[in-house]
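**Q** So that we are looking at the same thing, I have put the structure below in structure tokens.
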Amino acid sequence: MALGRLGLDTVLKASRRERGHSRRFLSAVLAGIVTSNWLWTGTSVISQRYGCTNVPGEDNAPSGWCTNSPYGKLWHHGIDIADDGNQPHPSVGCTTPYNTLPSGAGSPLYAGASGTVVQAGTTSYGTIIEWQRDIDSYYVVLYHTQAINVHTGDRLYTGLQLGQVGNSGWPSWSSACHLHFEIRAPPGGYWDDRDPAAWLTDSSIHAVQATASTRVSGDFLGTGYDASAVLYDFTNYTRILVWPNTTGSHLNIWSVWWDSTNAAPDSVWPNFDAKKAKIISGHFTGGQYTDIAILYDASDATCLNHAIWYVLKSTGSSFLTYKWWDSQRDLGAQGCLFAASRTKLVVGEFEGDGGTADVAAQYDEATGGCPNSVNWYVFLSTAGGGFRLDTPTGDPNVTYPWYVSGCNTFAWSQAKPIMGFFDGTVAQVAVFYDYAANCPGQPRSVVEVFHTVGSQFQGPVIKWDSLCNRFPWIQSIPVAGTFTGHNTTDVAVLFDSSSACQNQPRTQLYLLVWSPNIYLNGPGALQTSTQPPYDSQCGGFAWNWTKAEAGYFRGGAVADVAVLYYYTWHCRTGEVDSRWLVFVPSGTQFTGYSNWDTAVYESPPPPYPYADCNGVDWNRSTPT
């Protein structure tokens, strides 16, 4: 999870386990979905969620905010991240008394974006470090730090150490070593807070918001209609749940199609961790069914950057597991140098041969003194079954990128990749890119397209521009599909508009339509639909409760947008629920959504005001 966009890149970096050896990176984990893209060993855990709570000492929630919440009527402005630092308590955080943490025990904190320190000092709540990011003017607030390395008014640069995680403040505010982490929208007031978990999930392949293709769901049953699937984290094992689609009008009751404990024998499976898996779908094996591919981070002390591709071939009712690529086996001397955690993935037929699907990986190369740089690597599917990482003359010791950005030109953490047929011919990659650096103090987003020419990506070329002070990147979830029914790809953007509603939920769905008659840096461009977008209005659809994907749920050539929506709020205590809501396009706009997950899970239904709940925990589910 790249927290760099929020100003806290690599949230926690623990000290070396052994002198001269690699550093240990901690992750922030929220019920199995918030995971660091630099996760090696160790864990930190979100010990208190954002928003409605019953934890004593928090503020009273504003009227109407927590009326139907099962979590309580008080309000927590951020998230609490427990830290193990050098302590032996990774699940609960270090338990030293407040204000007595020994020097060096807390994990260091580093700035992940440039900005200006607004305040740095001591309060009864604990030490505070607050700064405003240059890139989008959002505020990052950290409490309870043990040490402060910056001062009010200081200019920050990416990678500057701010301090250490600590346990400062009165005992009623901090009883263990942890980080209180807040995000505040401009102007940065006390009640301008946003849910950090929504932003954290946004930058990783683990959350489908970060990347989408024209077929992120799939016709797993061969019915002609796309079904939905999720990688589900059961902590000690992992399953893939599939909601079958046999009519093109609704989804049936979910069932388990794959279980890591029953998969083909492999050293990974006994300890398969959903948080280390990046899941995508495509026609990798040919035939009538859509398959699933998993890029798995198998790194350990013997191979620090070890990536494995598994392809789960659909039989129409389950998945069979095959190992298609292993960096340690297939890359020769580079076998332990490919970090799955530094990839963002899209699926497409990049060879343009109309055959099986390939995978393009946008790879973060910001190491070794070359900041803000990426390479695009392409995994080509082979007729015999397997992925081949394109290499010159087949030499496994020299990987062959299809695109090299060079240093200080392209920030991996500011790009959300998508795939499309933007000119109607061969598959191309594109990114929804944070362009706010070109509008100081204001948001700006662009869509940049990389054109596929032979075995390389050329560009990027801007094909849509929000212009300054519009479309904040971190409030946008892009998905690509043929929403207008043409043979070219459009982009739908699910946008968080809660800032216009005093933090009440509000979501808008914009459609960027590809037009060959619009010229922006060459022929063809995306243009924002002139029709009004879908707008939930204030108090309606909650953007930070969504995980979006595109698919052909009604069959045919027109794609829809599906959202796995958090519905646990209407369940009885101890129950969980997630529902598939589908937005159907009409011309160049989306008129609304309908609930496609209408199956009966409990009969008779529970008494009012509770609803029938399907047992799927949104926080543990990653859509394909």
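**Q** Is it true that some residue in the stretch 253-276 is among the small types (Gly, Ala, Ser), closer than 29 Å to SER327 by Cα, surrounded by 12 or more Cβ atoms within 10 Å (Cβ to Cβ) and at pLDDT 85 or above?
**A** Taking every residue of the stretch 253-276 in turn, at least one turns out to be among the small types (Gly, Ala, Ser), closer than 29 Å to SER327 by Cα, surrounded by 12 or more Cβ atoms within 10 Å (Cβ to Cβ) and at pLDDT 85 or above.
**Q** What are the pairs with Cβ atoms under 6 angstrom where one residue, in the stretch 486-510, is within 18 Å of PRO443 (Cβ to Cβ) and the other, located anywhere, is basic (Lys, Arg)? Sequence gap at least six, or different chains.
**A** SER497/ARG506; SER498/ARG506
**Q** Another one. Hey, does the stretch 100-122 have a residue that's farther than 29 Å from PRO371 by Cα, of a type outside the set (D, E, K, R), modelled with pLDDT of 75 or more and assigned to a loop (DSSP other than H, G, I, E, B)?
**A** Checked the stretch 100-122: at least one residue is farther than 29 Å from PRO371 by Cα, of a type outside the set (D, E, K, R), modelled with pLDDT of 75 or more and assigned to a loop (DSSP other than H, G, I, E, B).
**Q** Within the stretch 429-455, track down each residue that is farther than 18 Å from ASP465 by Cβ and either crowded, with 23+ Cβ neighbours inside 10 Å or of a type in the set (Phe, Trp, Tyr) (or both).
**A** The answer is VAL429, THR452.
**Q** Would you check if ALA562 is in contact (Cβ under 8 Å) with a residue 40 or more places away in the chain and surrounded by fewer than 22 Cβ atoms within 10 Å (Cβ to Cβ)?
**A** For ALA562, the condition - in contact (Cβ under 8 Å) with a residue 40 or more places away in the chain and surrounded by fewer than 22 Cβ atoms within 10 Å (Cβ to Cβ) - is not met.
**Q** What tally of residues in the stretch 410-462 results from selecting those that are touching a helix residue (DSSP H, G or I) at 6+ places or on another chain (Cβ under 7 Å) and not in a strand (DSSP E or B)?
**A** Count: 6.
**Q** Out of all the residues in the stretch 256-276, is one or more more than 26 Å from THR343 (Cβ to Cβ), in contact with a Leu (Cβ under 9 Å, 6 or more places away or on another chain) and in contact (Cβ under 8 Å) with a residue 24 or more places away in the chain?
**A** Among the residues of the stretch 256-276, not one is more than 26 Å from THR343 (Cβ to Cβ), in contact with a Leu (Cβ under 9 Å, 6 or more places away or on another chain) and in contact (Cβ under 8 Å) with a residue 24 or more places away in the chain, which makes the answer no.
**Q** Next question, about the same structure. How many residues does the stretch 582-624 hold that are under 30 Å from ASP490 (Cβ atoms), in contact with a His (Cβ under 9 Å, 6 or more places away or on another chain) and in a loop (DSSP other than H, G, I, E, B)?
**A** Residues in the stretch 582-624 being under 30 Å from ASP490 (Cβ atoms), in contact with a His (Cβ under 9 Å, 6 or more places away or on another chain) and in a loop (DSSP other than H, G, I, E, B): 3 in total.
**Q** Could you check the stretch 272-284 and list, in sequence order, the residues that are closer than 29 Å to TYR225 by Cβ and outside any strand (DSSP E or B)?
**A** Answer for the stretch 272-284, where residues must be closer than 29 Å to TYR225 by Cβ and outside any strand (DSSP E or B): ALA274, HIS283, PHE284.
**Q** In addition: Residue check, ARG579 against (1) within 15 Å of PRO623 (Cβ to Cβ); (2) outside any strand (DSSP E or B), all met but one. Which one?
**A** Against the list (1) within 15 Å of PRO623 (Cβ to Cβ); (2) outside any strand (DSSP E or B), ARG579 comes up short only on (2).
**Q** Name the residues in the stretch 547-581 that are over 20 Å from the mean Cα position of the chain (by Cα) and under 15 Å from PRO244 (Cα atoms), would you?
**A** TYR552, PHE553, ARG554, GLY555
**Q** I would also like to ask the following. From the list SER168, SER174, which residue is modelled with pLDDT of 75 or more, on the phi < 0 side of the Ramachandran plot and touching a His at 6+ places or on another chain (Cβ under 7 Å)?
**A** Being modelled with pLDDT of 75 or more, on the phi < 0 side of the Ramachandran plot and touching a His at 6+ places or on another chain (Cβ under 7 Å) holds for just one of SER168, SER174, which is SER168.
**Q** Out of (1) in contact with a Pro (Cβ under 8 Å, 6 or more places away or on another chain); (2) surrounded by fewer than 20 Cβ atoms within 10 Å (Cβ to Cβ); (3) not in a strand (DSSP E or B), what's the single condition that is false for ALA557?
**A** Result: ALA557 passes all but (1).
**Q** If GLN527 meets every condition in (1) part of a strand (DSSP E or B); (2) under 28 Å from ASP226 (Cα atoms); (3) free of Cβ contacts under 8 Å to residues at least 60 places away in the same chain; (4) polar (S, T, N, Q) apart from one, which number is that one?
**A** (3)
The values are calculated or read from the model by the stated rules, or taken from the named source; none is laboratory data. Note that the coordinates shown come from a computational prediction; the quantities given were computed from them, not determined experimentally. Glycine gets a Cβ as well: all are built from the backbone with ideal geometry, and neighbour counts include every protein chain shown.
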